1. For segment 18-39, how many residues meet the condition of being in a strand (DSSP E or B) and either modelled with pLDDT under 55 or exposed (fewer than 13 other Cβ atoms within 10 Å of the Cβ) (or both)?
2. Could you check segment 35-63 and list, in sequence order, the residues that are touching a residue at least 12 places away in the same chain (Cβ under 8 Å) and among the basic types (Lys, Arg)?
3. So how many residues does segment 40-94 have that are in contact with a helix residue (DSSP H, G or I) (Cβ under 8 Å, 6 or more places away or on another chain), in a loop (DSSP other than H, G, I, E, B) and either surrounded by 12 or more Cβ atoms within 10 Å (Cβ to Cβ) or modelled with pLDDT under 95 (or both)?
Amino acid sequence: MNSQINRESRQQIPDYSIELIQDQTQNGQPIHPSIKPLLLRVREVVLVTGFSRSKIYQMIAEGALPCVRHGKSVRVLAEGLNHWIETNGSVAQN
(Lines give C-alpha, C1' and ligand atoms only; values in the text may rest on other atoms or scores of the structure.)
Protein backbone atom coordinates (compact mmCIF):
# COMPACT_ATOMS: atom_id res chain seq x y z
CA MET A 1 0.00 0.00 0.00
CA ASN A 2 2.77 2.45 0.93
CA SER A 3 4.68 1.72 -2.27
CA GLN A 4 1.51 2.37 -4.27
CA ILE A 5 1.05 5.76 -2.61
CA ASN A 6 4.71 6.65 -3.26
CA ARG A 7 4.38 5.71 -6.95
CA GLU A 8 1.20 7.75 -7.29
CA SER A 9 2.74 10.81 -5.62
CA ARG A 10 5.78 10.60 -7.94
CA GLN A 11 3.52 10.50 -10.98
CA GLN A 12 1.64 13.66 -9.98
CA ILE A 13 3.07 16.84 -11.43
CA PRO A 14 2.49 19.79 -9.10
CA ASP A 15 1.08 23.03 -10.43
CA TYR A 16 4.08 25.36 -10.13
CA SER A 17 4.18 29.06 -10.77
CA ILE A 18 7.17 31.33 -11.17
CA GLU A 19 6.61 32.81 -7.72
CA LEU A 20 6.50 29.36 -6.11
CA ILE A 21 9.78 28.38 -7.76
CA GLN A 22 11.35 31.71 -6.80
CA ASP A 23 10.18 31.33 -3.20
CA GLN A 24 12.12 28.09 -2.71
CA THR A 25 15.73 27.38 -2.04
CA GLN A 26 17.82 24.80 -3.82
CA ASN A 27 16.56 22.00 -1.56
CA GLY A 28 12.92 23.03 -1.80
CA GLN A 29 12.67 24.53 1.67
CA PRO A 30 10.92 27.91 1.96
CA ILE A 31 13.19 30.86 2.56
CA HIS A 32 12.58 34.34 3.84
CA PRO A 33 9.79 35.85 1.69
CA SER A 34 11.81 38.95 0.82
CA ILE A 35 14.69 36.89 -0.64
CA LYS A 36 14.09 35.68 -4.19
CA PRO A 37 16.50 33.36 -6.01
CA LEU A 38 18.12 35.06 -8.99
CA LEU A 39 18.86 31.86 -10.88
CA LEU A 40 16.66 28.89 -11.79
CA ARG A 41 17.66 25.37 -12.77
CA VAL A 42 16.58 24.18 -16.18
CA ARG A 43 14.20 21.66 -14.60
CA GLU A 44 12.53 24.50 -12.68
CA VAL A 45 12.12 26.46 -15.92
CA VAL A 46 10.60 23.32 -17.49
CA LEU A 47 8.09 23.08 -14.62
CA VAL A 48 7.19 26.76 -14.81
CA THR A 49 6.85 27.03 -18.58
CA GLY A 50 5.67 23.57 -19.56
CA PHE A 51 8.25 23.51 -22.36
CA SER A 52 10.47 20.48 -22.81
CA ARG A 53 14.01 20.38 -21.47
CA SER A 54 15.41 20.40 -25.01
CA LYS A 55 13.28 23.44 -25.92
CA ILE A 56 14.66 25.34 -22.91
CA TYR A 57 18.24 24.49 -23.93
CA GLN A 58 17.42 25.56 -27.50
CA MET A 59 16.08 28.90 -26.24
CA ILE A 60 19.25 29.35 -24.17
CA ALA A 61 21.44 28.58 -27.21
CA GLU A 62 19.48 31.09 -29.33
CA GLY A 63 19.92 33.75 -26.66
CA ALA A 64 16.19 33.98 -25.93
CA LEU A 65 16.76 33.07 -22.28
CA PRO A 66 19.77 34.62 -20.55
CA CYS A 67 21.75 32.15 -18.49
CA VAL A 68 24.79 31.78 -16.28
CA ARG A 69 27.18 28.88 -16.84
CA HIS A 70 29.55 27.59 -14.19
CA GLY A 71 31.36 24.43 -15.21
CA LYS A 72 28.64 22.07 -16.39
CA SER A 73 25.91 23.90 -14.48
CA VAL A 74 23.45 26.07 -16.38
CA ARG A 75 21.13 28.47 -14.57
CA VAL A 76 18.50 30.70 -16.17
CA LEU A 77 18.16 34.23 -14.85
CA ALA A 78 14.76 34.50 -13.14
CA GLU A 79 14.42 38.10 -14.30
CA GLY A 80 15.22 37.04 -17.87
CA LEU A 81 12.56 34.32 -17.75
CA ASN A 82 9.98 36.77 -16.39
CA HIS A 83 10.90 39.25 -19.13
CA TRP A 84 10.61 36.56 -21.83
CA ILE A 85 7.16 35.55 -20.55
CA GLU A 86 5.98 39.17 -20.44
CA THR A 87 7.20 39.96 -23.96
CA ASN A 88 6.28 36.67 -25.64
CA GLY A 89 3.15 35.71 -23.77
CA SER A 90 -0.29 36.62 -24.94
CA VAL A 91 -3.75 36.20 -23.52
CA ALA A 92 -6.18 34.27 -25.69
CA GLN A 93 -9.18 36.31 -26.74
CA ASN A 94 -12.59 34.62 -27.03
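The values are calculated or read from the model by the stated rules, or taken from the named source; none is laboratory data. These figures come from a predicted structure and were not determined experimentally. Every residue, glycine as well, gets a Cβ built from its backbone with ideal geometry; the counts of neighbours run over all protein chains shown.
1. Residues in segment 18-39 being in a strand (DSSP E or B) and either modelled with pLDDT under 55 or exposed (fewer than 13 other Cβ atoms within 10 Å of the Cβ) (or both): 2 in total.
2. LYS36, ARG41
3. 4
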